[in-house]
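Each value in this text was obtained by applying a stated rule to the coordinates, not by laboratory testing. This one's a predicted model, so the numbers in the text were calculated from it and none came from an experiment. For neighbour counting, all protein chains shown are included, and Cβ atoms are generated from backbone atoms with ideal geometry for every residue, glycine included.
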Amino acid sequence: MSTAGTGHVAHVAATKAEPRGFTLRQYAICLKGIVWRESLRFLHQRERFISALVRPLVWLFIFAAGFRQVLGVSIIPPYETYILYSVYITPGLMAMIQLFNGMQSSLSMVYDREMGNMRTLLVSPLPRWFLLCSKLVAGTAVSLLQVYAFLAIAWFWEVEAPPLGYLTVIPALILAGLMLGALGMLISSVIKQLENFAGVMNFVIFPMFFASSALYPLWQVREGSPLLYYVCQFNPFTHAVELIRFALYTQIEWISLAVVVGCTVLFTVAAIIAYDPSRGFLSRRGEPGGGA
């Protein structure tokens, strides 16, 4: 074999031996960049932070105060004694913050797609599933800041949880945030124009919130309407609320944990497929996000 041929074979072998893919450091840099971008966007949009707190605080200060003496809550797990109505609805309001934040994040994705910023993100050499998951992580991190800001204000309203509960609730908040963010991402993949987003959200946010255990115990719902009770049971948001409620009192609701984890995986996989340029909804419509 000639020297040139030997050199060519050695070059091919060396090329095949080179590691393909990206290192953990490169993945970490990408994740950090996306989280940092979402954090800066959140900090620069002060009205978004204020509105995220106004919604639950209106329910806590006005709605709960008005029904404090009317709607008593009996002793139900995870509570060990009678509680005020404002204490009961606090976990539901925490989940509501994450629900609205997940939809706000998906709204930003629709906006980025219309403005062309989505193409810049999705043409990155990194795997698309990792980019979308990084967006989920960034949105969840922002929602955690909002939830703890709400809890700090609620503490002055005499809505307190066990001190350890403020730490044990973090995994539940992360799971709930990922699930609701993945749902919002999935919805954003089928919305064609930004103007249609508000109408679609009204058919998602309000039914999910009101048909859940966020505002009233399910045993009271069952007494009033057995059909609505079963609707609430099949609502993933109900299980997100209960997971947060039990975790806030240092307990685990295993059924809710299984449902939230399962829905998180399902919504995430569906969103990744929807944003796939060869199989997703975007490619069928020929939009910028699907042509990367």
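I need the peptides 128-134, 88-94 ranked by packing, meaning the mean over residues of other C-beta atoms within 10 angstrom, with the highest value on top.
My ranking of the peptides, most packed first, is 88-94, 128-134.
Where does each of Ile273, Ile244 land when they are ranked from fewest to most other beta-carbon atoms within 10 angstrom?
Sorted ascending by nearby Cβ count, the order is Ile273, Ile244.
Subtracting the Cα-Cα distance from 0.36 nm times the residue separation, let me have the gained length for Leu43 to Tyr82 in nm, one decimal.
10.1 nm
Pick out, in residue order, every one of the chymotrypsin sites (Phe, Trp or Tyr not before Pro) in the range 201-266 that is DSSP loop and has at most 14 other C-beta atoms within 10 Å; say none if there are none.
Those that pass, being in a loop and sparsely packed, are Phe203, Phe234.
Could you order peptides 29-35, 142-148, 222-228 by the average number of other Cβ atoms within 10 Å of their residues, highest first?
Order by mean packing, descending: 142-148, 29-35, 222-228.
If R0 is 51 Å, what FRET efficiency do you get for Phe61 and Arg25 from their C-beta distance, rounded to 0.05?
For Phe61 and Arg25, the calculated efficiency is 0.65.
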